[in-house]
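The values are calculated or read from the model by the stated rules, or taken from the named source; none is laboratory data. All values derive from a computational prediction rather than experimental measurement. Using ideal geometry, Cβ is built from the backbone for each residue, glycine included, and neighbour counts are taken over all protein chains shown. The accessibility values were calculated without ligands, DNA or RNA, using every heavy atom of the protein model including side chains. Shrake-Rupley method; radii C 1.70, N 1.55, O 1.52, S 1.80 Å.
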Amino acid sequence: MCLRHPGPFIPEATTTEGIDNHRLAGAGIYLDYAATTPVDPAVACAMSDFLTLGGTFGNPASLMHSFGQAASVAVEDARCEVAALVSSTPEEIVWTSGATEAINLALKGSAFARRDRGRHIVTSPLEHRAVLDSAEWLESQGFEIGYVELDDDGGVTREGLSRALRPDTVLVSLMLVNNETGTITDIAALGPQIREQGALFHVDAVQGAARLPMGDIAISADLISISAHKMYGPKGIGALRVRRPILGELVPQMHGGRQELGLRSGTLPTHQIVGMGEAARLARQHGEADARHVASLDRKLRAHLDRISGVSLNGSAQQRVSGILNVNFADVAAEALMIGLESVAISSGSACTSSEVMPSHVLLALGLGNERALSSVRFSFGRFTTMDEIDHVGLLLAEIVPALQKLSR
Ligand SMILES: *Cc1c(COP(=O)(O)O)cnc(C)c1O
């Protein structure tokens, strides 16, 4: 039994011990929730009961003894929680090592399952690298990739999609919430078109599953990828929801002990799965409180930004979730801003390969151009962010941004 269980979490009054310690230690302000969230203390606590001799450490596949049976019960309870979060049934949930693996299984597994019907795959240029790189690899295996044209707002529309679909399209992969801009794709509006075409529909719901109602998305999509560490669970665990009719069709990408209906071999990591289950339970229990809290932080940060000149929001201003703000600061290099913000953790949305600074592929696809893309940063926040932290960052920006703009002009 975990002795440090903090009890139910209340976003309006964050007073759990670990969080206070973090602030007292002056560890800085974390505004990079879209990269990963801190694990909720209740999740960490639940996980700790599934590791040691005194806990439930058995192999969940060892059903011949009580150790394995107890672990299996915990895994199946967690499966129910995760299934409920994505409005699906437990049989449709396949555990993976994270969303990257779920996406690989979804794309490669369904492309190879349908290769005799067609070799055309449709996706968007805004997708996470896990989708884009899997698609590119499939291209090397004889598939053809089509990219949806975006509308002026940077969104995927029915018109854009219908131009990209072909009679030989076997798979469409789109994301629910963009991890760099927070832009929402109207998945439910696109689903019927894809089904009519006879193609499978994969949705990368990593950034949306704990933020948006998933009922309509579960109906529209055949495959849904999610990850625990973007919703206050641990890193290294995720899930692919596979709609029942295609469970037997998907081609496994991992071979071995035939766990997970043979779709994903490998001993199940009980503690990770329990953590993801608890994170899913908390997301459903506190989803509305989280959303209210994050929306008020979002309004506050935007109010601070409105008072600074040369500031604009990247991505759609209407079709977005609260808590992910991609902001362009005219004449300010993202790197310089990040150095100026010192102990505030944000993301420049650019990947640094060797010494080269690469602009974000998402911002470029939105038509920003190198210079604007390289003067944009992402602020992302969530359950444990406080209004004081947002105010602190807002005031800091009001100081630093004009100073940096003056230097570069
Ligand atoms: C983080 C993220 C992924 C990858 O998830 P992992 O569990 O880290 O592999 C995929 N898609 C989106 C939108 C993400 O934000």
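Taking each residue as 0.36 nm, the span from Met358 to Glu399 lengthens on full extension beyond its C-alpha to C-alpha distance by 12.1 nm. Under conditions of 25 °C and 0.890 mPa s, the range 45-281 yields 136 µm² s⁻¹ as its translational diffusion coefficient, taking Rh as the Kirkwood radius over Cα pairs in the Stokes-Einstein equation.
Candidate cross-link partners of Lys300 among the aspartates and glutamates, defined by an alpha-carbon separation under 14 Å and a same-chain spacing of 8 or more, comprise Asp388, Glu389, Asp391.
Working from label points 7 Å from Cα in the Cα-to-Cβ sense, the Arg258 to Glu335 distance is 5.4 nm.
Computing FRET efficiency as 1/(1 + (r/R0)^6) for Asp151 and Ser309, where r is the C-beta to C-beta distance and R0 is 35 Å, gives about 0.75. For the chain, the spread of Cα coordinates along the three principal axes comes to 68, 58, 39 Å, biggest extent given first. Membrane-span-like helices of the chain, defined as complete DSSP H segments with a Cα extent of 27 Å or more along the helix axis and a mean Kyte hydropathy of at least 0.0, are identified as 66-85, 387-408.
Across the accessible surface of the range 45-281, with the other protein chains kept in place and a 1.4 Å probe, carbon and sulfur atoms take up 53 percent.
Estimated from the Cβ-Cβ distance and a Förster radius of 25 angstrom, the FRET efficiency linking Arg195 and Gln141 is about 0.50.
Here the extension length gained between Leu63 and Ala289 equals 77.4 nm, from 0.36 nm per residue of separation less the Cα-Cα distance. Within a straight-line Cα-Cα reach of under 15 Å, Lys406 can be paired with the following aspartates and glutamates, leaving aside sequence neighbours fewer than 8 residues apart in one chain: Asp331. Under 26 Å of direct C-alpha separation, and excluding same-chain neighbours fewer than eight residues apart, Lys235 reaches these lysines: Lys108. The distance between label points at Ser265 and Arg163 comes to 4.5 nm (points 7 Å beyond Cα on the Cα→Cβ vector). In this structure the range 251-409 gives 46 Å² per residue of accessible area when probed at 1.4 Å with all protein chains present.
Using the Cβ-Cβ distance between Glu371 and Ala188 with R0 = 51 Å, the FRET efficiency computed as 1/(1 + (r/R0)^6) comes to roughly 0.90.
Modelled spin-label separation between Ala317 and Arg129, with each label point placed 7 Å from Cα along the Cα-to-Cβ direction: 3.2 nm. For the range 253-299 and the range 141-157, what is the separation of their Cα centres, given in Å? Using only Cα atoms, the two centres lie 28 Å from each other. Here the chain is treated with +1 on each Lys and Arg Cβ and -1 on each Asp and Glu Cβ, and its dipole about the Cα centre works out to around 400 debye. The calculated 222 nm mean residue ellipticity attributable to helices in the chain amounts to -12500 deg cm²/dmol, summing -39500 (n - 2.57) over DSSP H runs of n ≥ 4 and dividing by all residues. Per residue, the average separation of C-alpha pairs within less than 8 Å and at least 6 apart gives the chain a relative contact order of 21 percent.
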